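The values are calculated or read from the model by the stated rules, or taken from the named source; none is laboratory data. Since the structure is predicted, the reported quantities are computational estimates derived from the model, not experimental observations. Note that we place each Cβ from the backbone using ideal geometry, even for glycine, and neighbour counts take in every protein chain shown.
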Amino acid sequence: THFGFETIAEALKEQRVRGVFSSVASNYDSMNDFMSLGIHRLWKDHFVRNLNPGRNPLTSSTSDQKGWNILDIAGGTGDIAFRMLDHASHINNDAHTNVTVADINPEMLAEGKKRSLQTPYARSPRLKFIEANAEKLHMIPDNSIDLYTVAFGIRNFTHKDVALKEAFRVLKPGGVFACLEFSKVENPLFNAVYQQWSFNAIPYIGQLVAGDKASYQYLVESIAKFPSQEEFSGMIRDAGFLIPGKGYENLTDGIAAIHKGVKP
Ligand code: SAM
């Protein structure tokens, strides 16, 4: 582009995102609680239960007992990864399914590794942490992943379309792309209250509790800029995915939404 301004803006965005997550890594749970009115744990439980990760030996063929290869992008603190391994192990009796947690931020990964010590998966071959940008997953082979998840991560990516193409490349045919992200509230009255909460309360609470107004301001703005449910579903389709049904499920009237795509 002219004078490389776009490239500079993109580099600044990536640097800003890095800074935000470095500064919130250690009080990450309170951040999520403010941003989601405390409901993010229920959304994450629902997201994982609905994906039903793991190969159930009672229902799958005996020759096929390898478990799923799951890639949890922007997996930060391991919130989604631990839930998926628990679900595979306890609900599907699958001791083989493995999760690779990839995140661009080493501090978020360090927090995840620390937290993994409280789980049965620490030092297990079923859980791996890698530093990687969702837009450049060259360390992950083509057609190698059964389930790609990204929770509260994609709105921070500089080129969402590139990340979606990478998701498509690494998934096996029949593999599933699943995204949990803040979205657009549907009820206008509830939306008015939610917007007040987001723009007028969250940054100040961030200042009071974490001494960091700017990071919380960024997070609120990034939610407002993220495409609507329909638009984002269109972007998933444009990356080559088949869209099951309506393509998304609203959570808490659209404060968050789950989007899915299947690689043909
Ligand atoms: N998935 C976790 C969860 O649901 O609790 C963490 C979400 S956290 C709000 C967003 C994460 O996205 C951060 O850990 C950040 O470092 C990561 N991230 C931002 N841009 C990224 C990129 N381009 N590639 C990979 N990770 C990225």
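The table that follows gives values for the structure above.
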read-out: Matching entry among Gly67, Gly54, Gly75 (being within 8 Å of the ligand (Cβ to nearest atom) and at pLDDT 85 or above); value: Gly75
read-out: Among the candidates Glu135, Glu131, residue that is without any contact (Cβ under 8 Å) to a residue 40 or more places away in the chain, in contact with a Phe, Trp or Tyr (Cβ under 9 Å, 6 or more places away or on another chain) and farther than 19 Å from Pro53 by Cβ; value: Glu135
read-out: Qualifying positions in the range 222-264 - assigned to a helix (DSSP H, G or I) and either of a type in the set (S, T, N, Q) or touching a Ser or Thr at 6+ places or on another chain (Cβ under 9 Å) (or both); value: Ser222, Ile223, Ala224, Gln229, Phe232, Ser233, Thr252, Gly254
read-out: Leading residue by the ranking (modelled with the highest pLDDT) among those in the range 24-34 that are surrounded by 16 or more Cβ atoms within 10 Å (Cβ to Cβ) and within 11 Å of the ligand (Cβ to nearest atom); value: Asn32
read-out: Complete set of residues in the range 84-97 that are closer than 17 Å to Gln118 by Cα and either within 10 Å of the ligand (Cβ to nearest atom) or among the small types (Gly, Ala, Ser) (or both); value: Ser89
read-out: Criterion (in contact with a strand residue (DSSP E or B) (Cβ under 9 Å, 6 or more places away or on another chain) and in contact (Cβ under 8 Å) with a residue 12 or more places away in the chain) met by exactly one of Phe199, Phe182; value: Phe182
read-out: Candidate set: the range 153-186, residues that are within 13 Å of the ligand (Cβ to nearest atom) and among the polar types (S, T, N, Q); chosen: the one nearest to Arg83 (Cα to Cα); value: Asn156
